[in-house]
Amino acid sequence: MKCTDFWNCVVVPLQFAPTQRALLAAILIGILCSVVGAFVVLQDLSFIGDALAHASFPGVVIASMLGWNIALGGAIFGVATALGVGWITRRSKVSLDTAIGVLFAGMFALGIFLLSRDRGYNKELFGLLLGDILAVRQSDLWTIVGVGGLILVVIAALYKELVLMTFDRTAAAAQGLPVGFLHYLLLSIMAITVVVAIQSIGIVLVVAMLVTPAATASLVVRRFWSMIVWGSVQGLIAATIGIYVSAYIDGVPTGSSIVLAHTAIFLLVLVLAPRKNALAGLFQRKVAD
Amino acid sequence: MAAVASQAHIRLQSATSLAPALEVRQLNIRYDQRTVLSDVSFQAQSSQLIGIIGPNGAGKTSLIKAILGLIPSTGQILVAGQALAKRSRKVAYVPQISAVNWRFPASVRDVVLMGRYGQLGWLRRPKKADYALADAALEQVNMQDFAERSIADLSGGQQQRVFLARALAQEPDVLLLDEPISGVDVPTQEVILHLLRDLSSAGRTLLVTTHHLQHLEHHFDALLCLNQCLIAYGPPTAVMTREVVEATFGRSLVLVPSAERIILDCNHGNCTEKQTLINRDGSANN
């Protein structure tokens, strides 16, 4: 793609319907992942998030072979694996981490096995592993809007319960909140979010969409809601940068450019942000009791 | 007709006001086929500040968690004569400050407001009245000037007071505190203990686990000595006998060096005869 001046460069990619859809999808997914990611980061669930992405692979493969909705197939396998992890840890002395490791690698291997039986294997594998947002159709966009909107509504509705559980699980239980239910709800929200994001970002990189914006926010913000706002804004910015980079540099997968944008913002903030408990801490800590 | 009804009402009222603020009957806790606590029964009155003492693994935290319904137990737990319902505001919990997620970014007011969440119910946002209760609770612990500060920036003692305020925002009758004076310096311990005294003087019942054995008699109205069962319960002067202390802490703790100590080890609930030393309502027999 070629352009003449700055505004021209901004406008040119948007003349194509696929790029328009891609930009919209990337922004929506970026915001959704950042909101969910704030809970993921604070509850140390990033490994589970990565595992869910990999475990959904066979579901995605089967769905794409049969021409079904890819997100639905992936979600079924993702949630099933999450339940399977719980089943293994209840049945045996295998630790949670180990059970996740066993299942997510196993499911991923199953996905590769299934896909290798199909023709056009390499091209499809690359599309699923690294994402192909320019292939997003109008119907995929509607799926993202519908499912993403539903997740945001659920989080908004249960915001105070999820916040209390994240901050102090025992106190949440002592106040009568069903912490077990809330935990599984959050895992399901994660699984669905990951699967919605897979098509555009790719299985391998999707965990960064969850974790990096919230991790960046945690370097700066002092309130949980501002962590969500920061993450959403970063999600929007990184999506936009990523789409333009992949539009102008031939062959760069959008998943890669969006995640690189997130990582660059993280490193920038890490270097520029006031160091934790250093100078600022000297003035603020230990004001007399 | 109306007179009968009002008479019944008066009877009911006097019945509930006579009931102890907290009563635990024959509480048993087993975990992984191991007895954590067996046959614990006691009553606590309003305005009482009660210390729960015992060695590590004695079941102090388990007792608190069982009263809160966080771990399975058998027996009865009555608050003001009534079985405790889920989502009850009546019993509030103050965790050990090390037990919360310190990476969670929140202001002091945010944290105190969380004390209202359980009662608000699903889909309800905190209202003006909830904010007012949170601010009043902060004033009670003398932390009102810190409302907008980040919880992570406070000292341990200040954090402890914020969590106390969170429990107070729940407007409880009974407060259960897990090691509130651990990990803070001695002046701060004094501040917190005086605060607890103020709260109990206002009519609340406070149960406080502690492994600090200094000045117990000055700060607590009653002591509950635990070691897998209730060793003794009563006023500190009556309870802190050599016999009880040794039964509670075993041979490891020597308060009074003496050649003629009587070792009374308490193992797996095999110590019921010791309870006869002191009555369940806290008065001493001897």
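FYI, it's all coordinate maths here, none of it is from the lab. Model, not experiment: these values are computed from the prediction. Positions of Cβ are backbone-derived with ideal geometry, glycine not excepted, and every protein chain shown enters the neighbour counts.
Using Cα centres only, tell me the gap between segment B:98-165 and segment A:158-228 in whole Å. A separation of 21 Å, based on Cα centres.
As a calculated quantity, the FRET efficiency between A:Val245 and A:Leu66 at R0 = 25 Å, using C-beta atoms, amounts to about 0.15. Counting pairwise Cα distances across segment B:99-171, what percent come out greater than 21 angstrom? For segment B:99-171, the share of Cα pairs beyond 21 Å comes to 19 percent.
Would you mind classifying segment A:34-102 by shape? Square roots of the alpha carbon gyration tensor eigenvalues, ordered a ≥ b ≥ c; an a/c under 1.5 is rounded, otherwise it is prolate if a/b is larger than b/c and oblate if not.
Oblate, because a/c is 1.5 or more while a/b does not exceed b/c.
The trypsin sites (Lys or Arg not before Pro) of segment A:82-182 that DSSP puts in a loop, and whose beta carbon has at most 13 other beta carbons within 10 Å, are A:Lys93, A:Arg117, A:Arg119, A:Arg137.
Take every DSSP beta bridge whose two residues both sit in the protein assembly as shown; close to 55 percent of them are antiparallel.
Loop-located chymotrypsin sites (Phe, Trp or Tyr not before Pro) in segment B:45-127 (DSSP state not H, G, I, E or B) with no more than 14 neighbouring Cβ atoms inside 10 Å: B:Trp102, B:Trp122. By the gyration tensor of its Cα atoms, with a ≥ b ≥ c the square roots of the eigenvalues, what is the shape of the protein assembly as shown: rounded for a/c under 1.5, prolate for a/b over b/c, or oblate? Cα axes put the protein assembly as shown in the prolate bin. Shape class for segment A:18-269, computed from the alpha carbon gyration tensor (a ≥ b ≥ c): oblate, with a/c not under 1.5 and a/b at or below b/c. Contact order for chain A, expressed relative to its length and based on alpha carbon pairs under 8 Å spaced 6+ residues apart, stands at 30 percent. In this calculation the C-beta distance from B:Arg242 to A:Arg91 is compared with R0 = 41 Å, giving a FRET efficiency of 0.25.
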